[in-house]
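Here's the structure, in structure tokens; my notes come after.
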Amino acid sequence: MTMRETGRGALELTRPLNVVAASVLTFIGAFVAGGVADAPTQVAAAVGATALAVGAGNAINDYFDREIDRINQPQRAIPRGAISPRGALVFSIALFLGAVALALTLPATAITIAAINLVALVTYTEYFKGLPGVGNALVAYLVGSTFLFGAAAVGDLWTAFVLFVLAAIATLTREIIKDVEDIEGDREEGLNTLPIAIGKRRSVQLAAGLLVVAVLASPLPYLRGDFGVVYLLVVIPADLVMLYAAVESFDDPTAGQSHLKYGMFLAAAAFIAGRAAITLG
């Protein structure tokens, strides 16, 4: 194994696209809270801490998941031998330490969120992933909390609270559908995920029901007067994409959860458009 191969394997462990996505969500949280221009240093520290923490969390989850991945995802870095389990663990710890160092420069509320999230990232696979619905809910919280973290970094936590709730519900839906997709490998490993506990179809039905709740709640920022009509013009197409993904998941969970991710990013763009319209107006 060459250093180049190991370096590439370490980078793959972080899931670069997920790292970028989470960092963008943190930035959006700060932007929605209106603090990007007033507190650029805090925003940069929050985005950096998010990137390092997400990369660390993905790496350590692959470390704990290495036996499952030999069945579900044999092309990942550890199963195919691009990086050793020990190397993945050391790499993850280094990233976590970097995330902590950046988080400690932020306000107390942001530090509290970061501390909770770091514990959740480390314990997710070992303690919660195999519990029906619990692991899904924890991942949903972690994704939604990136918005809260960004807002808290600039001192205005509650501005992004609705965005946190909507993102968490949409993510919970996607996580349930992903468990439907991975049911064979999870059953082989002895995990008791939601689809294993209650069945595939009932799990997708539950996921679709949760998504309908999120879609119905999505106009709240407009109804509350937080954002204007520009927000609605973007969030409505996002709702349609996510509803289509939920229906698609009954026959094709892989395509459904992928399209649901696109809808979630479009929904985040609605909040950006809503805040930008206020700023420019």
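The values are calculated or read from the model by the stated rules, or taken from the named source; none is laboratory data. Computed from a prediction, not measured in an experiment: that's the story for all the values here. Cβ sites come from the backbone with ideal geometry, for glycine too, and all protein chains shown count toward neighbours.
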Failed condition for THR193, given (1) at pLDDT below 90; (2) closer than 22 Å to ILE111 by Cβ: (2)
Pick from segment 139-161 the residues that are over 16 Å from the mean Cα position of the chain (by Cα) and β-branched (Val, Ile, Thr): which of them is nearest to ASN61 (Cα to Cα)? VAL154
For segment 81-103, name all the residues that are surrounded by fewer than 20 Cβ atoms within 10 Å (Cβ to Cβ) and touching a Phe, Trp or Tyr at 6+ places or on another chain (Cβ under 7 Å). PRO85, LEU89
Identify, from the list ILE78, ILE71, ILE60, the residue that is in contact with an Asp or Glu (Cβ under 6 Å, 6 or more places away or on another chain), modelled with pLDDT under 95 and surrounded by 23 or more Cβ atoms within 10 Å (Cβ to Cβ). ILE78
If the requirement is being closer than 18 Å to PHE147 by Cα and out of contact with any Pro (no Cβ under 9 Å at 6 or more places or on another chain), which of these qualifies: ALA255, ALA245, ALA276? ALA276
Does segment 117-146 hold any residues that are farther than 15 Å from ALA51 by Cβ, assigned to a helix (DSSP H, G or I), touching a residue at least 24 places away in the same chain (Cβ under 8 Å) and among the hydrophobic types (A, V, I, L, M, F, W, C), and which are they? VAL122, ALA137, VAL139, ALA140
Just need a number here: residues in segment 191-239 that are touching a residue at least 60 places away in the same chain (Cβ under 8 Å) and under 30 Å from THR125 (Cα atoms). 7
Is it the case that TYR244 is surrounded by fewer than 18 Cβ atoms within 10 Å (Cβ to Cβ), touching a Leu at 6+ places or on another chain (Cβ under 6 Å) and of a type outside the set (Val, Ile, Thr)? no
